[in-house]
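The values are calculated or read from the model by the stated rules, or taken from the named source; none is laboratory data. Just so it is clear, the structure is predicted and the values come from calculations on it, not from any experiment. Cβ coordinates were reconstructed from backbone atoms using ideal geometry, including for glycine residues, and neighbour counts include every protein chain displayed.
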Amino acid sequence: MDRDILISKWLDNDLNDQELEVFKALEDYDDLVKLNQGLQAFKVDDYNTSEELDTVLNTIKSNKKQSTQWFKPFMRVAAILAVCFSLYYYTTTLDTTITTEFAQKTTIKLPDASNVSLNAKSILTFNKKDWKHNREVELDGEAFFKVAKGSSFKVKTKTGLVTVYGTQFNVKQWDNYFEVICYEGLVGVHYNSQETKLNPGDSFLIIDGKIIAKEKENRSQPSWLSNESTFKSSPYKTVIAEFERQYGVRITLVNIDSDQLFTGSFAHDNMDVAIKAITLPLRVTYSKTNNTIILKRE
Amino acid sequence: MDKQLHENICEERMFSSIFNKHSKDLHNFLYYKFGELLNPKDKVQEAFVKLWENCAKVSPDKAKSFVFTTANNLMLNETAHQKVVLKHQQTKPKMYTNENPEFLMQENEYHDKLQKALANLTEAQRVAFMMNRVEGKRFKEIAELLGISTKAVEKRIYGALEKLRKDIKEL
């Protein structure tokens with residue numbers, strides 16, 4: 001038998017007894033056995049399969065690749081939802097603010113169908129979201145309220161708090177001027193931690209911190225709603241301020257006592273007539289340039 | 001075949017059985033091919049972790065070639081064609097104690113020669129040869145493991161043997 005084949009068979013552990021005898025007789029038998037023995041020294045370190053498996057499984061578990069596969073997209077979706085929700089929440093709970101400019105009037109329907117008419121240059125703030133539990137508006141300026149029946153309705157102003165038990169009333173709050181007139185039902189005014197209740201026709205007026213008594217009001221609603229400002233024994237400066245708001249002009253007084261009382265009215269739709277209405281009774285002359293009106297007493 | 005469709009490597013039991021079946025062969029393959037310095041154990045670990053990460057994409061019958069290819073690539077990335085440094089196991093198991101110093105010296109000399117000669121073999125030759133001689137695997141098993149024909153395995157091993165003997169004589 002060929003030597004090469006014998007060696008090959010030996011390598012493959014495929015020798016039968018006969019062949020083994022022949023193989024042992026080969027001249028390089030000793031050499032081969034020696035080599036074979038020498039090679040055993042190069043055997044791999046013991047490879048502990050179960051130990052290695054544990055390590056791999058631990059690595060896999062600590063990696064948590066499985067969970068991150070759904071965790072990442074989930075977090076993305078969650079983040080978007082969170083942003084949307086907070087945006088929604090923020091916008092719906094945000095206070096609603098309504099502002100009128102010079103010479104502008106507006107009527108607002110509150111969430112419970114109450115009506116508010118807002119006079120010129122006024123700001124009304126309320127919260128839609130909380131309306132059911134808390135009927136409360138903040139007012140800076142003048143407004144007429146027609147309140148729908150329900151729980152108490154409050155109007156907060158810088159000067160005082162107006163609580164509504166009834167239905168129709170006017171609130172006027174300007175610098176150093178605070179006036180509430182009740183037209184229907186019952187209105188409570190908190191001023192300096194004291195509550196004054198107003199019956200229809202009653203009014204509550206504070207000028208420069210002083211409570212001023214006023215005679216009964218016999219109209220059914222404030223005159224400004226019919227485009228007219230009416231004054232009864234009001235300081236002239238409040239008349240001027242109202243005029244400025246209604247026509248969007250600036251008025252300068254020369255030689256005029258701004259505290260003198262004025263009774264009368266002016267319309268909101270004709271400036272020339274209106275200016276006459278507030279100047280003639282006091283025998284005051286006026287000159288007009290652009291947006292500025294100068295009132296002068298001779 | 002039906003069974004394979006349902007069996008999934010993502011199941012730990014299946015994964016473990018694949019690991020038990022192939023990890024040792026893979027380790028030995030890497031060891032004989034690249035030597036000890038490059039941590040064949042770590043590469044085996046890495047390859048199987050990668051198998052787990054791709055468990056949904058790899059069918060069980062492809063798992064073996066997946067880990068072999070992955071581990072081999074990991075090794076190649078690291079070696080970056082540096083000369084393979086072979087540090088095979090040096091400490092020879094003491095079979096007998098009645099050695100005289102001269103015999104020991106000869107033994108050591110032979111050992112060194114063998115080590116150098118092994119380093120001179122090609123990777124393919126060394127892997128096949130060591131699996132056969134040291135791990136006691138038959139040609140057919142090696143052929144399966146390496147994905148080549150039995151004839152090619154025989155050729156590699158025989159060639160390796162001839163080359164070793166020649167080298168040892170010359171050294």
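Being surrounded by fewer than 22 Cβ atoms within 10 Å (Cβ to Cβ) and at negative phi is the filter here; which residues of the stretch A:180-196 pass it?
If the condition is that a residue be surrounded by fewer than 22 Cβ atoms within 10 Å (Cβ to Cβ) and at negative phi, then A:E184, A:L186, A:G188, A:H190, A:Y191, A:Q194, A:E195, A:T196 are the ones that fit.
Any idea which residue in the stretch A:241-281 is farthest from the chain's Cα centre (by Cα), counting only those that are buried (at least 17 other Cβ atoms within 10 Å of the Cβ) and either assigned to a strand (DSSP E or B) or among the basic types (K, R) (or both)?
A:F262
Looking only at the stretch A:33-42, count how many residues are within 8 Å of chain B (Cβ to nearest Cβ) and surrounded by fewer than 17 Cβ atoms within 10 Å (Cβ to Cβ).
Final tally of qualifying residues: 3.
Looking for something modelled with pLDDT of 80 or more, over 30 Å from A:F144 (Cα atoms) and among the hydroxyl-bearing types (S, T, Y) - is there at least one such residue anywhere in the stretch A:74-88?
Yes, there is a match, as at least one residue in the stretch A:74-88 is modelled with pLDDT of 80 or more, over 30 Å from A:F144 (Cα atoms) and among the hydroxyl-bearing types (S, T, Y).
Give the residue, chosen from B:K50, B:K64, B:K43, that is in a helix (DSSP H, G or I) and without any contact (Cβ under 8 Å) to a residue 24 or more places away in the chain.
Details: B:K64 fails: without any contact (Cβ under 8 Å) to a residue 24 or more places away in the chain; B:K43 fails: without any contact (Cβ under 8 Å) to a residue 24 or more places away in the chain.
None of the other options fit; the residue is B:K50.
Which condition breaks for A:E101 when tested against (1) in a helix (DSSP H, G or I); (2) charged (D, E, K, R); (3) farther than 23 Å from B:N132 by Cβ?
(1)
If we keep just the residues of the stretch B:122-148 that are within 8 Å of chain A (Cβ to nearest Cβ) and among the hydrophobic types (A, V, I, L, M, F, W, C), which is surrounded by the most Cβ atoms within 10 Å (Cβ to Cβ)?
Taking the candidates together, the pick is B:M130.
So which residues in the stretch A:138-174 are farther than 23 Å from A:F243 by Cα, surrounded by 22 or more Cβ atoms within 10 Å (Cβ to Cβ) and in contact with a Lys or Arg (Cβ under 6 Å, 6 or more places away or on another chain)?
A:F153
Please specify each residue of the stretch A:19-63 satisfying the condition of being of a type in the set (K, R), farther than 13 Å from B:V134 by Cα and not in a helix (DSSP H, G or I). Steps first, please.
Taking the stretch A:19-63 first, the residues of a type in the set (K, R) are A:24, A:34, A:43, A:61.
Okay, now just the ones that are also farther than 13 Å from B:V134 by Cα, so A:24, A:34, A:61.
Listed by number, the list is empty, since nothing qualifies.
Checking the structure you have, find out if any residue of the stretch A:61-71 is at pLDDT 85 or above, surrounded by 10 or more Cβ atoms within 10 Å (Cβ to Cβ) and either away from every other protein chain (no Cβ under 11 Å) or more than 17 Å from the chain's Cα centre (by Cα) (or both).
no
What do you reckon, is A:T238 assigned to a helix (DSSP H, G or I), closer than 25 Å to A:I123 by Cα and among the hydroxyl-bearing types (S, T, Y)?
Considered against the rule, which asks whether it is assigned to a helix (DSSP H, G or I), closer than 25 Å to A:I123 by Cα and among the hydroxyl-bearing types (S, T, Y), A:T238 comes out as yes.
Those residues that are more than 9 Å from every other protein chain (Cβ to nearest Cβ) and either β-branched (V, I, T) or not in a helix (DSSP H, G or I) (or both), I need them from the stretch B:14-40; list them, please.
B:I18, B:G35, B:L37, B:L38, B:N39
Run down A:S50, A:S114 and say which single residue is at negative phi and within 8 Å of chain B (Cβ to nearest Cβ).
A:S50
Before we move on, is A:N218 at pLDDT below 80 and in contact with a His (Cβ under 6 Å, 6 or more places away or on another chain)?
Details: at pLDDT below 80: yes; in contact with a His (Cβ under 6 Å, 6 or more places away or on another chain): no.
So A:N218 does not fit the description; no.
What residue, of B:K94, B:K151, B:K163, is more than 9 Å from chain A (Cβ to nearest Cβ), more than 17 Å from the chain's Cα centre (by Cα) and modelled with pLDDT under 85?
Values: B:K151 fails: modelled with pLDDT under 85; B:K163 fails: modelled with pLDDT under 85.
Exactly one residue qualifies, and that residue is B:K94.
Hey, can you tell me all the residues within the stretch A:107-137 that are basic (K, R) and either exposed (fewer than 15 other Cβ atoms within 10 Å of the Cβ) or in a loop (DSSP other than H, G, I, E, B) (or both)?
Those that are basic (K, R) and either exposed (fewer than 15 other Cβ atoms within 10 Å of the Cβ) or in a loop (DSSP other than H, G, I, E, B) (or both): A:K109, A:K121, A:K128, A:K129, A:K132.
State all residues of the stretch A:1-18 that are assigned to a loop (DSSP other than H, G, I, E, B) and at the interface with chain B (Cβ under 7 Å from one of its Cβ atoms); if no residue qualifies, say none. Walk me through how you get there before you give the answer.
Narrowing the stretch A:1-18 to residues assigned to a loop (DSSP other than H, G, I, E, B): A:1-2, A:12-16.
Answer for the stretch A:1-18, where residues must be assigned to a loop (DSSP other than H, G, I, E, B) and at the interface with chain B (Cβ under 7 Å from one of its Cβ atoms): A:D12, A:N13.
Answer yes or no: is there a residue in the stretch B:33-53 that is at pLDDT 85 or above, touching a Leu at 6+ places or on another chain (Cβ under 8 Å) and over 19 Å from A:E52 (Cβ atoms).
no
Return yes when A:T55 is surrounded by 13 or more Cβ atoms within 10 Å (Cβ to Cβ), farther than 30 Å from B:K166 by Cβ and more than 11 Å from every other protein chain (Cβ to nearest Cβ) and no when it is not.
No: the conditions fail for A:T55.
What pairs can you find where one residue is in the stretch B:101-121 and at the interface with chain A (Cβ under 10 Å from one of its Cβ atoms) and without any contact (Cβ under 8 Å) to a residue 40 or more places away in the chain, the other is surrounded by 12 or more Cβ atoms within 10 Å (Cβ to Cβ) and aliphatic (A, V, I, L, M), and their Cβ atoms are less than 8 Å apart, with a gap of 6+ or different chains?
B:H111/A:A41; B:Q115/B:L86
Among the candidates A:G248, A:G264, single out the residue that is in contact with a strand residue (DSSP E or B) (Cβ under 9 Å, 6 or more places away or on another chain) and of a type in the set (G, A, S).
Result: A:G264 is the single residue among A:G248, A:G264 that is in contact with a strand residue (DSSP E or B) (Cβ under 9 Å, 6 or more places away or on another chain) and of a type in the set (G, A, S).
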